[in-house]
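The values are calculated or read from the model by the stated rules, or taken from the named source; none is laboratory data. Note that the structure is predicted; figures quoted are calculated from it, not measured. When we count neighbours, we look across all protein chains shown, and the Cβ atoms used for this are built from the backbone with ideal geometry, even at glycine. Keep in mind that these areas ignore ligands, DNA and RNA; they rest on the heavy atoms of the full protein, side chains included. Shrake-Rupley method; radii C 1.70, N 1.55, O 1.52, S 1.80 Å.
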Amino acid sequence: MAASAPIRLVAGLGNPGRSYERTRHNAGFWFADALASKLGASFAPQSRFSGAVARDGELRLVKPSTYMNESGTSVGALARFLGIAPAEILVVHDELDLPPGAVKLKLGGGVAGHNGLKDIRAHLGTADFWRLRLGIGHPRDSDVPQQQVVDYVLKPPRRDERAAIEAAIENGLAVIPALVAGETE
């Protein structure tokens with residue numbers, strides 16, 4: 001990867017509400033909260049963008065207030081309003097295909113059944129946005145391998161898994177300054 005456009009919008013994906021706060025599916029919200037804290041920024045609800053938005057200079061952070069499957073409503077509205085191109089967007093989300101503690105950055109690609117990514121792709125009209133994939137593991141690799149994916153992602157991780165996910169979040173936070181500077185290599 002060569003130098004690219006700087007990241008101007010970080011969208012942390014999750015589901016709103018107290019009942020979802022600690023679930024695996026909210027790893028993107030955990031990341032957004034940690035980034036806002038690190039930057040000294042605060043989220044404020046903005047109904048115009050169907051989400052809570054924080055700002056640090058030219059960088060915007062958003063946590064959609066829609067459910068995961070409708071994340072594109074928020075991300076698309078904010079991107080259009082601010083004139084942010086898809087290649088300037090980083091979507092942070094939970095990833096079943098990575099073990100807890102793994103984190104990967106990629107540009108574009110498929111959505112692998114992730115309905116939040118699918119909706120963002122539909123609203124942006126392209127899949128060419130950055131993704132920071134936070135591993136949460138897959139139920140087939142858990143102590144309850146027959147558990148349905150939906151039940152797995154909507155449950156809190158075990159203590160050791162949560163610690164691993166938090167370590168992945170820290171690793172992801174470490175690359176944000178380079179991404180904001182357009183240094184994706």
Q. In the stretch 14-40, which residues are open to solvent by less than 10 Å² (accessible area, probe 1.4 Å), over 20 Å from Pro139 (Cβ atoms) and within 11 Å of the chain's Cα centre (by Cα)?
A. Phe31, Ala32
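Taking the criterion of being in a helix (DSSP H, G or I), surrounded by 15 or more Cβ atoms within 10 Å (Cβ to Cβ) and not charged (D, E, K, R), would at least one residue in the stretch 44-63 satisfy it?
yes
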Q) Name the residues in the stretch 22-41 that are closer than 25 Å to Pro156 by Cα and free of Cβ contacts under 8 Å to residues at least 60 places away in the same chain, would you? A) Phe29, Asp33, Ala36, Ser37
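Residues are listed down the side, and each one gets a yes or a no for (1) touching a residue at least 12 places away in the same chain (Cβ under 8 Å); (2) closer than 17 Å to Tyr20 by Cβ; (3) among the β-branched types (Val, Ile, Thr):
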site: Gln146; (1), (2), (3): no, no, no
site: Lys155; (1), (2), (3): yes, yes, no
site: Ala168; (1), (2), (3): yes, no, no
site: Ala174; (1), (2), (3): no, no, no
site: Ala181; (1), (2), (3): yes, no, no
Q: Residues that are open to solvent by 40 Å² or more (accessible area, probe 1.4 Å): find the strands (runs of 3 or more DSSP E) completely inside the stretch 67-178 holding 1 or more of those.
A: 103-107, 130-135
Q | Arg8 among the basic types (Lys, Arg) and either within 18 Å of Val153 (Cα to Cα) or open to solvent by less than 40 Å² (accessible area, probe 1.4 Å) (or both) | A | no
